[in-house]
1. Using only Cα atoms, tell me the angle between helix 89-100 and the longest principal axis of the chain; keep it within 0 to 90° and round to the nearest 10.
2. For the chain, just the Cα set please: Rg and Dmax, both in angstrom.
3. With θ taken as phi - 60° and the coefficients 6.51, -1.76 and 1.60, list the Karplus ³J(HN,Hα) couplings across segment 66-80 in order, rounded to whole Hz; mark glycine and proline as x.
4. Expected output is a single nm value to one decimal: the length gained when fully extending between residue 37 and residue 56, i.e. 0.36 nm times separation in residues minus the C-alpha distance. What is it?
5. Would you mind checking the tilt of helix 33-42 against the longest principal axis of the Cα atoms of the chain, expressed as 0 to 90 degrees and rounded to 10?
6. Hey, what did segment 13-83 get for relative contact order, percent, Cα under 8 Å, at least 6 apart?
7. Arrange 43, 63 by Cβ neighbour counts within 10 Å, fewest through most, would you?
8. Once phi is turned into θ = phi - 60°, what whole-Hz ³J(HN,Hα) does the Karplus curve with 6.51, -1.76 and 1.60 give for every residue of segment 47-62, x standing for Gly and Pro?
Amino acid sequence: GWGLVADINETTFELRLGILQAKVEQMNMYVPKDVLEFLARNIKSNIRELEGALNKVTHTSLIGRSMTVESASETLIDLLRSNHRSITIEEIQKKVAEFFNIKVADMRSNRRLRSLAR
């Protein structure tokens, strides 16, 4: 059958900023422009994650912290760190080996041990 082919590209800074501004307006909240720009500049993966980051930042203001770029950075440190880190093949192999309680060397070996091929 026929299907629709859509080219999905990374959103632009301007689009992400516009989405954040619309969301803030919809929530009837005030978020400083520099904080919105910080979020739009640093959260590029997807819109759901962008809105989640905005929710975390606005939540911290509800518990009494001032909304600054510094406080947003502290609140989102884990998210920001994971966005800038690439996972290596070696890390994947190590995690798989740990999970299945086997050695990485055995996984990479040309030998096909029965205990590994379960």
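What follows is calculated from the coordinates using simple rules that are stated; it is not laboratory data. Only a predicted model underlies this, so the values are computations on that prediction, with no experimental measurement involved. Virtual Cβ from ideal backbone geometry, glycine too; neighbours counted across all protein chains shown.
1. 70 degrees
2. Expressed in Å, the Cα Rg and Dmax of the chain come to 21.3, 63.
3. Once rounded to whole Hz, the list reads 6, 8, 10, 4, 5, 5, 5, 4, 5, 5, 9, 3, 5, 5, 5.
4. That pair, residue 37 and residue 56, stretches by 5.3 nm at full extension.
5. Its long axis makes an angle of about 20 degrees.
6. Reported relative contact order: 31 percent.
7. 63, 43
8. Running phi through 6.51 cos²θ - 1.76 cosθ + 1.60 with θ = phi - 60° gives 5, 4, 5, 4, 5, x, 5, 4, 4, 4, 5, 5, 5, 5, 6, 5 Hz.
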